[in-house]
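Here the structure is laid out as C-alpha cells; the discussion comes afterwards.
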Amino acid sequence: MTPARKMATEELMTTLKIGVGFHCGEPADASGISEYYKSLIAGGHTIFAKAANGTSSLVDAMELDPNAIGIWRKITFEWEGKEIDDVPNYNDDPERQASFYMEQIFTAWPPELDKNRIYIETPNEVDKDQGDWIGRYLVACARLALAAGHKFCGPGWATGTPEEDAWETEGFLEYLSLCEDHPNSLAVSIHEYSLDMELHTGNTNLVGRVVHLNEVCDRNGIERPTVFISEFGWHSTEAPAADQAVPQIIEQMQWYLEHAPNVRGVAIWALDKSSEWGDIHQTVNGYMEPLASAINATDWSEQKVPPPVEPPDYTSVIMLWPQKRDITFAMYIEICTAAWNEYGRTMTASHDNAMVMVLDGGSKTSHVIVWEPQLPSQKAAIAIFEKEGIRYEVRSLAGSAVDGLKLVHLFKYRYRLTSPFNAPRDYGNKLHEGADYDIIGGQVDNVVHVRCPFSGVVTDADHIGAEYAYGKYIEIQCFHNGLPFSLMLAHMDDVYVKEGQRVTRGDSVGEIGDTGNSWG
C-alpha cells in the first residue's frame, strides 16, 4: 500500500504530512535553513529537502530528523574532457543511456549522504513528446538504483507537461508499475510552476497537474506512486514577497492533501545563487520563518482526508453487450478491451449467456453494465432489469482508435500534400491507398529524415524495396483509446529501424524518397 493509500485510511491529520522544503543548488543562500527544520520538527511535521550538486541542506535535514526525506540531483558531469548535463540522448537505446548516466551518478554520489534515505533524481525537464522512451529509461535507471541499494525518482517533467498520453505509454506505465512494486524506494518527480505571481490553486493545468498522473494510475489499475514536486513555485527568476507567498503555499498544501495525498514533498524554487536566476534566492530565503510559523499555526486536523472507498456490495460484474445482429467486430473488441482494462476480466460468450447469468439467481449479487443502451437488445434487457430490480448502469463506446489522435509532423521542414487519400488511380482498387507528401523547395535526392508520427512497435520493415507497390517501407503497430491501429510509412529511400523495434513519436525512422510505385 502506497503512502497515498495509507493516508486515506486516516480520518484526521494533526500534522502536515507533506514535506515543504527548498530547492538548494550549489551555491545556495541557505542561511537559516536549520532553524526552519527545527521549527517544523518541533511541530511534528514532515521534513523534506532537495539539493542539486551540493549536499549541505540534505545533511542538515538528515542530522536533525531521522525521518527526514530528501532528493539529490547531479546536474552536470565531466566526460572525456567536456561537461555534459543529465538529459539523455533520446536517439540511443534507453537502457544503454541509463547505464551510462547511473554509472556517473554512482561515481559522484557524496559519501556523506545516506542512500537509504535520499532519492537519486534524474533526468530533468525532458522532452514531453518522449513519454515511452523516458518511461523505459526510468525503468532501467530504477533497476540499477535498486540493485545498488539506492532510492530513485524521476523524470522531473517541466511545468505544464506532459500530456496524459505520455503517462499512458507502455514504457511509462511499466515505470509506474515498478513504483507500485517498490513503494518505499521509487517515486515520480515533477515540476509545478504557476508562471505568474498567483498559484491559482484548483486550476490543474500547471500547479496541481499531478492529478492527471493519478487519473492515469486509477484508469490502469496501478497504485498511485509517491510524488515529489521537486521544483515548485511561480517563476524561475521571481517570486512574490513572503506575505503574499506563504498563504498561497498553505492553501496549495491543503489542496494537495485533499486531491493528491500521494504528494510527499515539495521543493520551493529556489535558494540557488546564480546570475541565471536573478535575486530570487533573497526573496525565497525570506519565506523560512513566516512559513514555518504558518505551518505550525495551521490546524491541519481541519483538512479531512477522504474516507476509504467501501467495496461494492455485489460480488460480480456482468458486461452485457448487444446481440450479434446489433454489434460490429470493432465494437466487440472495444468492449472486451474496456472490460479487461477496468476489471481484469474476460467476457461471456454472448448477450444471451450474460442474461442467463443475471436472471438465474444472480440478481442479488450482480451488477450489470449495459453497453450501447440505445440498441434494441439492450433496451429489452433494461426493461427486464427494471422490472426485476436488478442493478445496472449504462455505458457507451468512446469511439474509434483515431478519435482525438494527435500525430507528430512527418518532417522538421515545411512540407505539402502532393496526392491525397482515395485519389483516382489506374491500378488495384482504382483508388490511392495513402497520402503523399514532399518537402517544400526540396531538392532531388535530398536527405530528409522521416519522423515517427506516433509511438508503437515496428511490425514490418522492408529495407530492400520492391520496384512496385510501397518500395522501402515500415509498418508500426500503435494503441490509442485502448484500441490498436497501424501506421505505414512508404516509398522511403532508406529505413532506419528494424522489425520488433519500439519507436517513439518524433524518432527518425527513415529517409524521404520515391522507391516503389512512385513517380517523384
Roughly how many nanometres apart are two label points built 7 Å out from the Cα toward the Cβ at residue 517 and residue 437? 2.2
Please work out the Cα center distance from the stretch 94-138 to the stretch 146-212, rounded to the nearest Å. 14
Using θ = phi - 60° and Karplus 6.51 cos²θ - 1.76 cosθ + 1.60, couplings along the stretch 446-463 (whole Hz; Gly, Pro as x): 6, 8, 10, 6, 8, 9, 5, x, 7, 5, x, 10, 6, 9, 8, 9, 9, 8
I'd like the antiparallel share, as a percent to the nearest 5, of DSSP beta bridges with both residues in the stretch 3-302. 15
Other-chain or far-sequence residues with amide H under 5 Å of residue 113's (modelled H): none
Return the sequence-ordered ³J(HN,Hα) values of the stretch 139-154 in whole Hz as given by the Karplus equation 6.51 cos²θ - 1.76 cosθ + 1.60 applied to θ = phi - 60°, using x for Gly and Pro. 4, 5, 4, 4, 5, 5, 4, 4, 4, 8, x, 9, 8, 8, 8, x
Which whole-Hz couplings ³J(HN,Hα) result when phi for each residue of the stretch 193-199 is put into the Karplus expression 6.51 cos²θ - 1.76 cosθ + 1.60, θ = phi - 60°, listed in order with x for Gly and Pro? 10, 7, 6, 8, 8, 10, 6
State, as an integer percentage, the relative contact order of the stretch 3-302 based on alpha-carbon contacts under 8 Å between residues 6 or more apart. 23
Sites matching GluC sites (Glu not before Pro) across the stretch 220-250 that sit in DSSP coil, with at most 12 neighbouring C-beta atoms within 10 Å: none
5 Å is the cut-off here: which amide hydrogens, built 1.01 Å from N in the peptide plane, fall below it relative to residue 415, excluding neighbours closer than 5 in sequence? 440
Residues whose modelled amide H sits under 5 Å from the amide H of residue 455, counting only those 5 or more places away in sequence or on another chain, are 505
Under a no-solvent Debye model with one identical scatterer per Cα of the stretch 85-173, what's log10 I(q)/I(0) at q = 0.14, 0.20, 0.22 Å⁻¹? -0.47, -0.91, -1.07
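The numbers here are math on the coordinates, done by the rules we state, and not lab data. Computed from a prediction, not measured in an experiment: that's the story for all the values here. Reconstructed Cβ throughout: ideal geometry from the backbone, glycine too, with neighbour counts over all protein chains shown.
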